[in-house]
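Contents: one structure, followed by commentary.
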Amino acid sequence: MTALDDSQISRVLVVTAHPDDVDFGAAGTVATFTDKGIEVVYCVVTDGDAGGFDRGVDNGSMATLRRAEQTEAAKRVGVFDLRFLGYGDGTLEPTLGLRRDIARVIRQVRPDRVITSTPERNYARIGPSHPDHRAVGSATLDAVYPDARNPYAFPELLADEGLDAWTVREVWLTGGQASDHYVDVTATLDRKLAALRAHVTQTSHMDDGLEKFVKAFLGTNAKAAGLPDGAYAEAFQVVTTA
């Protein structure tokens with residue numbers, strides 16, 4: 001699927017389940033957007049309170065830490081507008097309530113492009129298939145079509161909050177097996193790694209292994225994209241919404 005040219009895009013909304021999801025999946029791409037003057041907004045559905053490797057931190061404190069880490073990581077790739085929905089980590093389902101909350105953010109932000117996780121299970125690589133990721137991907141696609149664009153869907157968003165319907169032009173999915181679009185992130189790799197390192201509760205135990213892991217994975221993407229040796233790329237499946 002052919003993606004819209006970035007010159008046609010003024011605003012991007014990234015919807016993820018947890019703090020750090022965007023940074024593993026798309027932070028290099030986000031940095032290429034902000035470098036071009038495209039506004040990027042993050043919507044993080046949970047606070048990630050069930051994640052982390054320091055078991056001396058209770059869940060309430062973990063949520064606070066992870067919000068702060070995601071805020072710092074976002075700054076490192078040029079993102080300063082973050083919306084946290086506060087759902088419980090590990091409990092997500094693609095409910096009408098979640099669809100409404102994501103549709104609300106879409107109508108508030110009014111993006112041309114939305115990036116989110118694939119709702120499909122990845123049998124080749126299980127990591128992206130966390131049930132929260134799949135639930136957010138499913139709810140976000142439903143929020144894009146038909147909810148956010150339909151003025152009769154969740155009428156309270158218009159009646160009570162003045163949020164007019166909005167049509168997203170395309171969606172990019174991360175974490176799937178059907179990637180058909182690659183972004184060269186060679187020039188922004190250092191900022192992606194810096195964003196990942198901001199998630200101290202998630203990555204500090206990896207030491208040098210984090211950079212090796214990221215480079216190996218993005219190098220494989222670059223080969224699939226036909227980029228030269230030494231290049232790095234992030235992969236997406238493009239969904240048009242027309």
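Results for (1) closer than 19 Å to Asp47 by Cβ; (2) touching a Lys or Arg at 6+ places or on another chain (Cβ under 8 Å), shown as yes or no for each residue.
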{"residue": "Arg99", "(1), (2)": "no, no"}
{"residue": "Ala103", "(1), (2)": "no, no"}
{"residue": "Pro111", "(1), (2)": "no, yes"}
{"residue": "Pro131", "(1), (2)": "yes, no"}
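Scanning the stretch 123-176 for residues that are more than 17 Å from Val238 (Cβ to Cβ), part of a loop (DSSP other than H, G, I, E, B) and among the small types (Gly, Ala, Ser) yields a count of 4. For the stretch 167-193, a residue qualifies if it is more than 15 Å from Ala231 (Cβ to Cβ), hydroxyl-bearing (Ser, Thr, Tyr) and surrounded by 21 or more Cβ atoms within 10 Å (Cβ to Cβ), and exactly one does: Thr174.
Within the group Leu141, Leu163, which residue is farther than 25 Å from Thr2 by Cα and of a type in the set (A, V, I, L, M)?
Working: Leu141 fails: farther than 25 Å from Thr2 by Cα.
Leu163 is the lone residue from the list that is farther than 25 Å from Thr2 by Cα and of a type in the set (A, V, I, L, M).
This table checks each residue for (1) charged (D, E, K, R); (2) buried (at least 18 other Cβ atoms within 10 Å of the Cβ); (3) farther than 27 Å from Lys192 by Cα.
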{"residue": "Asp47", "(1), (2), (3)": "yes, yes, no"}
{"residue": "Ile102", "(1), (2), (3)": "no, yes, no"}
{"residue": "Pro119", "(1), (2), (3)": "no, yes, no"}
{"residue": "Pro131", "(1), (2), (3)": "no, no, no"}
{"residue": "Asp142", "(1), (2), (3)": "yes, yes, yes"}
{"residue": "Glu156", "(1), (2), (3)": "yes, no, yes"}
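Summed over the stretch 175-195, the residues that are farther than 20 Å from Asp5 by Cα and not hydrophobic (A, V, I, L, M, F, W, C) give a count of 6. Among the residues of this structure, Trp172 counts as one that is under 21 Å from Thr2 (Cβ atoms), out of contact with any Cys (no Cβ under 9 Å at 6 or more places or on another chain) and at pLDDT 95 or above. Please determine whether any residue of the stretch 36-45 is outside any strand (DSSP E or B), at pLDDT 95 or above and buried (at least 16 other Cβ atoms within 10 Å of the Cβ). Looking through the stretch 36-45, at least one residue is outside any strand (DSSP E or B), at pLDDT 95 or above and buried (at least 16 other Cβ atoms within 10 Å of the Cβ). A single entry from Ala222, Ala187, Ala194, Ala235 fulfils the requirement of being outside any helix (DSSP H, G or I) and of a type in the set (A, V, I, L, M): Ala235. Take the conditions (1) modelled with pLDDT of 95 or more; (2) in a loop (DSSP other than H, G, I, E, B); Leu13 misses just one of them, which is (2).
Looking across the stretch 16-31, the residues that are under 17 Å from Val45 (Cβ atoms) and part of a helix (DSSP H, G or I) come down to Asp21, Val22, Asp23, Phe24, Gly25.
The values are calculated or read from the model by the stated rules, or taken from the named source; none is laboratory data. Since the structure is predicted, the reported quantities are computational estimates derived from the model, not experimental observations. Every residue, glycine among them, receives a Cβ derived from its backbone with ideal geometry; neighbour counts consider all protein chains shown.
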